[in-house]
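Read the structure below first, then the notes.
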Amino acid sequence: MKLVKTRQELADIVTQWHREGETIGVVPTMGSLHNGHLALIKALDGKATRRIVTIFVNPIQFNNPDDFHLYPRGLDADAAILTETGMVDVLYAPDETQIYPPGFSTRVIVSGLDAMLCGADRPGHFDGVATIVTKLFMQTRADIAAFGEKDFQQLSIIRRMVQDLDLPITVLPVPTVREADQLALSSRNKRLTAAQRARAAHLPASLLTCIAELKAGKNTDACLQTCREELEEAGFTVHYLDLRSGTSLQVAQPSDPTARLFVAASLGDVRLIDNMPLS
């Protein structure tokens, strides 16, 4: 695996790959890698002959400066993890000057899908996500990109952006990877204290209970209210808990075959998100 830190070096490598007829897959990340990221890389098996992982903690997608500064970082450890897999050809880890040079003033905005759920809770977040992902797509010139379903709203926004802008790349969704207690893997989990980590298991457990009740025909509003109360009793601050369409992200009914239960909730200053399909 080659560690690359500049646009020019990456461009030289990618140009040569294209000349040789290689198919390029990319996994954009903010580092602090875990098994969920490795599942994204693995998902490119048989779909790409070359694989790039990007690591860049994107400042413009954080509406809370403290959250940006506290986000876990560790390039050397991440590089060691990727090297050990033997699956990655290039680790692209640019600094901010390679992504947002002086005078940079453009934003990519995906209207509509960005105004709900995490978008309502974190104004400007998805503008930052759409902008950095567009930049990374252009810089890597990848043919396929893998994204996890854990952040289903992000996945939906990137799909819409690719479709609307006619970007020549395929977006590959990858199912959420979970711990033994069903907590969705996330780099933010590393910030949980031992006591918080124990309580965090209530998040997926409450979602699963709520889904079972919805599928049994219980009233949607009552199920959501009970789930919210269970999470609050477990020490969570619930930012949203909604049943939404998996295609439009609009409010859905349990009869919708694409319906998913979405949640964002915090333990202390650590914000966790999750979603699960009813089907």
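Worth a mention:
- Filter pass, residue 140 being among the β-branched types (Val, Ile, Thr), in contact (Cβ under 8 Å) with a residue 24 or more places away in the chain, farther than 30 Å from residue 241 by Cβ and open to solvent by 30 Å² or more (accessible area, probe 1.4 Å): no
- All positions within segment 235-257 that are free of Cβ contacts under 8 Å to residues at least 60 places away in the same chain, assigned to a strand (DSSP E or B) and either open to solvent by 40 Å² or more (accessible area, probe 1.4 Å) or β-branched (Val, Ile, Thr) (or both): 237, 238, 251
- Counting only helices (runs of 4 or more DSSP H) that sit completely within segment 185-233, those holding 1 or more residues that are open to solvent by less than 50 Å² (accessible area, probe 1.4 Å), of a type in the set (Gly, Ala, Ser) and modelled with pLDDT of 95 or more correspond to 194-200, 202-215.
- Answer residue from segment 53-82, given it is charged (D, E, K, R) and assigned to a helix (DSSP H, G or I) and is least open to solvent (accessible area, probe 1.4 Å) among those: 78
- Scope segment 82-93; condition more than 19 Å from the chain's Cα centre (by Cα) and either under 18 Å from residue 43 (Cβ atoms) or without any contact (Cβ under 8 Å) to a residue 12 or more places away in the chain (or both); matching residues: 84, 85, 86, 87, 88, 89, 90
- Of all residues in segment 258-276, at least one satisfies being out of contact with any helix residue (DSSP H, G or I) (no Cβ under 6 Å at 6 or more places or on another chain), without any contact (Cβ under 8 Å) to a residue 24 or more places away in the chain, closer than 25 Å to residue 111 by Cβ and open to solvent by 40 Å² or more (accessible area, probe 1.4 Å).
- The one condition in (1) within 22 Å of residue 149 (Cα to Cα); (2) open to solvent by less than 10 Å² (accessible area, probe 1.4 Å); (3) not basic (Lys, Arg) that residue 4 fails to fulfil: (1)
- None of 56, 68, 104 is closer than 30 Å to residue 238 by Cα and modelled with pLDDT of 95 or more except 56.
- In segment 35-52, the residue that is surrounded by the fewest Cβ atoms within 10 Å (Cβ to Cβ) out of those that are closer than 18 Å to residue 20 by Cβ and of a type in the set (A, V, I, L, M) is 48.
- Candidates are the residues of segment 83-105 that are within 18 Å of residue 50 (Cβ to Cβ) and assigned to a helix (DSSP H, G or I); the one that is least open to solvent (accessible area, probe 1.4 Å) is 85.
The values are calculated or read from the model by the stated rules, or taken from the named source; none is laboratory data. This structure is a prediction, so every number in the text was calculated from the model and none was measured. With ideal geometry, Cβ positions are generated from the backbone for all residues, glycine too; neighbour counts draw on all protein chains shown. Surface areas here come from the heavy atoms of the whole protein model, side chains and all, with no ligands, DNA or RNA. Shrake-Rupley method; radii C 1.70, N 1.55, O 1.52, S 1.80 Å.
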